[in-house]
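As structure tokens, the structure follows; a few thoughts come after it.
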């Protein structure tokens, strides 16, 4: 079952990259903070590398000004996520989360079977806003889309929680 607004984020072990690679538990990671978590199907893939992650890098200061931690999730190993962060000039404090076994992704109910593309199980493209580990907003992308989970859309959603990021 897919996580929904009002649900508490699951607590699983994951690797966090913020310069160095560290093991963390998601329950601890999301506790006592406001956070945007966005999921991408894969590091170094075209849409993820050319549009999705770069949008969050560009808008990182706007999230920081609102006291919001930004996290990027992918079903890749920690070394791939670390290399991608370096290649994308991810600023310190924008946390890259490596879910190599898709355990957090499955617990969220957001897995995507990319086997037809040689990618195996991946995370669906999404973004969510959580406060103290409780989901307040969830934006799931339609297949092949990048609209509602962009940095700009999430800033709009957070600033106007009763409206959609694109007015509809």
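The values are calculated or read from the model by the stated rules, or taken from the named source; none is laboratory data. Just so it is clear, the structure is predicted and the values come from calculations on it, not from any experiment. Cβ coordinates were reconstructed from backbone atoms using ideal geometry, including for glycine residues, and neighbour counts include every protein chain displayed.
Okay, residues lined up against (1) in contact with a strand residue (DSSP E or B) (Cβ under 7 Å, 6 or more places away or on another chain); (2) surrounded by 14 or more Cβ atoms within 10 Å (Cβ to Cβ); (3) farther than 12 Å from residue 37 by Cα:
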{"residue": "90", "(1), (2), (3)": "yes, yes, yes"}
{"residue": "98", "(1), (2), (3)": "yes, yes, yes"}
{"residue": "108", "(1), (2), (3)": "no, yes, no"}
{"residue": "120", "(1), (2), (3)": "no, no, yes"}
{"residue": "128", "(1), (2), (3)": "yes, yes, no"}
Next on the checklist: Can you tell me which of (1) within 20 Å of residue 4 (Cβ to Cβ); (2) in a loop (DSSP other than H, G, I, E, B); (3) out of contact with any strand residue (DSSP E or B) (no Cβ under 7 Å at 6 or more places or on another chain) is the one residue 149 doesn't meet?
Outcome noted: (3)
Item to check | Failed criterion for residue 111 (all others in (1) more than 14 Å from the chain's Cα centre (by Cα); (2) more than 22 Å from residue 50 (Cβ to Cβ) hold) | outcome: (1)
Item to check | Residues of the range 30-47 that turn out to be in contact (Cβ under 8 Å) with a residue 40 or more places away in the chain and within 19 Å of residue 85 (Cα to Cα), as a count | outcome: 11
Next on the checklist: Which condition from (1) exposed (fewer than 12 other Cβ atoms within 10 Å of the Cβ); (2) in contact with a strand residue (DSSP E or B) (Cβ under 9 Å, 6 or more places away or on another chain); (3) under 22 Å from residue 16 (Cβ atoms) is the one that residue 154 breaks?
Outcome noted: (1)
Checklist entry - Restricting the first residue to the range 1-20 and requiring it to be surrounded by 17 or more Cβ atoms within 10 Å (Cβ to Cβ), which pairs with a second residue that is assigned to a loop (DSSP other than H, G, I, E, B) meet a Cβ separation below 6 Å and a spacing of at least six or different chains? => result 3/109; 9/133; 14/99
Checklist entry - Given 93, 100, which one is in a loop (DSSP other than H, G, I, E, B), touching a residue at least 60 places away in the same chain (Cβ under 8 Å) and within 18 Å of residue 154 (Cβ to Cβ)? => result 93
Checklist entry - If you check residue 64 against the conditions, is it in a loop (DSSP other than H, G, I, E, B), in contact with a strand residue (DSSP E or B) (Cβ under 9 Å, 6 or more places away or on another chain), surrounded by fewer than 18 Cβ atoms within 10 Å (Cβ to Cβ) and modelled with pLDDT of 95 or more? => result no
Checklist entry - Among the residues of the range 130-151, how many are surrounded by fewer than 17 Cβ atoms within 10 Å (Cβ to Cβ) and free of Cβ contacts under 8 Å to residues at least 40 places away in the same chain? => result 5
Checklist entry - For the range 12-61, which residues satisfy the criterion of being within 20 Å of residue 103 (Cα to Cα) and in a helix (DSSP H, G or I)? => result 26, 27, 28, 29, 30
